[in-house]
Amino acid sequence: MNEQPIIELCGVSKSFGQLRVLRGIDLDINAGQHVSVIGPSGSGKSTLLRLLMTLEKPDAGTVRIDGDYLYHLDNTNGLRPAPPRHTRQVRAKVGMVFQHFNLFPHMSVLRNVSMAPLRVQGLSKQDAQQRAEDLLGMVGLRDKLDSYPHQLSGGQKQRVAIARALAMQPKVMLFDEVTSALDPELVGEVQTVLRELATSTNMTMLIVTHQMRFAQQIADRVVFFDRGVIVEDGQPEVIFSNPRHDRTRRFLQTVLEAT
Amino acid sequence: MNHWDWHFVWRTLPQLVDALCVTLQATALGMLLAATLGLFWAVARRSAARLVSWPAAAVVEFIRSTPLLVQLYFLYYVFPSLGVTLSAMAAGVIGLGVHYSSYTAEVYRAGLEGVPRGQWEAATALNLSKWDTLRRVVLPQAIPPVLPALGNYLVAMFKETPLLSAITVVELVHVAKDEIGAETFKYLEPLTLVGVIFLVLSLLSAAMIRYVEAKWTLRRIAV
């Protein structure tokens with residue numbers, strides 16, 4: 001019943017200069033949950049993902065991944081800041097897909113996906129390529145192994161990026177507005193891949209998105225952020241059809257009118 | 001009035017060719033040093049650890065703000081009294097290489113800054129080591145665009161090799177002036193030839209750099 005959450009945030013705060021982007025976030029996410037994170041721009045949802053990927057460091061609070069502190073060492077006499085080596089070890093359980101793909105432009109598609117398993121996990125070249133080919137097959141790009149990123153459409157690039165992140169076999173996948181930079185007609189193919197991922201695996205997924213319908217479909221839990229705090233957290237049906245908070249209602253009204 | 005003596009030219013040419021080899025050697029080795037050390041400075045300056053970045057910045061600033069000739073004199077004439085004795089050629093190569101590393105460091109810095117932050121972030125998300133991030137992700141994108149700028153410094157360094165004659169390296173100018181000239185009291189032919197040699201090689205290298213640059217620009221447009 002009371003299993004350990006795979007992600008535990010406790011009192012996490014982050015400011016950029018005067019701007020307080022996250023104000024003491026507490027959030028537990030269980031293994032296998034698919035969580036949509038929604039909210040206005042600048043509400044802190046991307047920062048949350050970036051903290052989990054160690055691209056930003058929290059000013060206060062603790063983050064635990066699968067029981068291990070991401071930024072701290074747990075000693076008998078309390079917590080102290082962890083050395084980079086420790087953080088690197090813990091973040092191996094997390095993978096991320098970015099809004100702007102961030103593929104490596106000088107590498108073929110195959111190499112983009114196989115490089116990290118080869119270099120970081122120490123797989124043989126053959127095994128790394130096999131894993132990459134399988135994943136690229138899964139995202140429907142088996143015929144693009146030798147292409148370079150600039151030869152691909154935005155949707156194809158993002159599918160490569162998803163395969164690349166999956167190749168490291170993370171327990172948690174973070175998706176940071178992965179369809180926001182795509183032409184409208186390419187959004188569907190990426191969403192399809194994510195949906196398949198959500199239904200066919202029990203990987204924990206955190207999805208930051210502005211596409212409300214997608215957020216509702218893919219998630220079994222929705223978290224609504226506003227001005228650095230979690231305003232509402234619950235099942236998609238509840239949040240989208242009958243939100244408890246005024247701010248949630250107003251936000252949903254605005255975005256749903258816009259689309 | 002001295003007039004041009006072709007016989008004399010042909011007779012002294014082999015000496016000049018030997019000297020040219022020394023000049024080219026010093027240039028090549030110096031550039032090798034400048035290219036490696038400059039990259040090291042540039043990466044060190046970007047380090048998050050101030051204990052690394054600050055000294056690197058200070059050293060680069062110091063090297064760049066003192067004259068190459070003085071640095072050469074120090075290496076060749078002062079270092080022996082500190083217990084480090086270098087051959088003239090070694091002192092020359094080190095002097096050129098270290099001095100020009102302060103310029104190539106700036107070039108690399110521009111290259112590194114040209115790599116989007118997202119590339120570093122993707123490398124972090126894939127948990128690549130710092131070394132792999134640099135070697136496999138960042139540098140392959142940072143270096144090609146700055147190759148022409150590096151090439152320009154190669155030419156500049158080539159043209160500064162005559163300074164090495166001040167510490168008795170038998171490079172082109174030294175041979176023309178202190179060997180051929182001093183022995184025969186004829187300076188017109190050897191020094192003219194040295195000038196021509198520098199001119200031709202500099203023009204050739206500049207053309208090559210432009211070619212590489214054009215090719216690179218084309219590739220970038222294609223992407």
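Remark on residue A:60: its backbone amide H falls under 5 Å from those of A:13, a criterion applied only to residues 5 or more positions apart or on other chains, H modelled at 1.01 Å from N. The loop-placed trypsin sites (Lys or Arg not before Pro) in region B:101-170, going by DSSP, include none that has at most 11 neighbouring Cβ atoms within 10 Å of its Cβ. Remark: spin-label model distance residue B:46-residue B:185 equals 6.0 nm, labels positioned 7 Å along the Cα→Cβ axis.
From the alpha carbon centroid of region B:6-70 to that of region B:146-184 is 12 Å. Select from chain B the helices, each a whole stretch of DSSP H, whose alpha-carbon atoms run 30 Å or more along the helix axis and whose Kyte-Doolittle mean is at least 0.0; answer none if there are none. Going by DSSP H runs, the hits are B:6-46, B:88-113, B:188-222. Protection proxy ranking of B:84-91, B:175-182, by the mean of other Cβ atoms within 10 Å over each peptide's residues and highest first, is B:175-182, B:84-91.
Considering only the protein assembly as shown, what is the antiparallel percent among its DSSP beta bridges, to the nearest 5? Restricted to the protein assembly as shown, the bridges split so that about 60 percent are antiparallel.
Gaussian network model of chain B, Cα springs within a sub-10 Å range: biggest mean-square fluctuation belongs to which of B:25, B:119, B:71? In the Gaussian network model the winner is B:119. Cα convex hull, chain B: 150 Å³ per residue, rounded to a whole number.
The amide H of residue A:221, built 1.01 Å from its N in the peptide plane, has A:34, A:36 as neighbours under 5 Å, considering only residues 5 or more places off or on other chains.
If you wrap the Cα atoms of the protein assembly as shown in a convex hull and average its projected area over all directions, you get 32.5 nm². Each principal axis of region A:182-259 carries a Cα extent, and these read 34, 29, 23 Å when sorted largest first.
Highest mobility in the GNM of chain B, judged by mean-square fluctuation with C-alpha springs under 10 Å and restricted to B:185, B:158, B:198, is found for B:185. Size descriptor for region B:144-223, Kirkwood hydrodynamic radius: 14.5 Å (Cα pairs only, one decimal). So what does log10 I(q)/I(0) come out to for chain A at q = 0.10, 0.13, 0.17 Å⁻¹, using the Debye formula with one equal point on every Cα and no solvent? For chain A, the Cα-only Debye profile gives -0.51, -0.86, -1.37. Note on B:126-136: average number of Cβ atoms from other chains within 10 Å of each residue's Cβ is 5.
Since every read-out is calculated from the coordinates, none of them should be taken as a lab result. Because the structure is a prediction, the values reported are computed rather than measured. Virtual Cβ from ideal backbone geometry, glycine too; neighbours counted across all protein chains shown.
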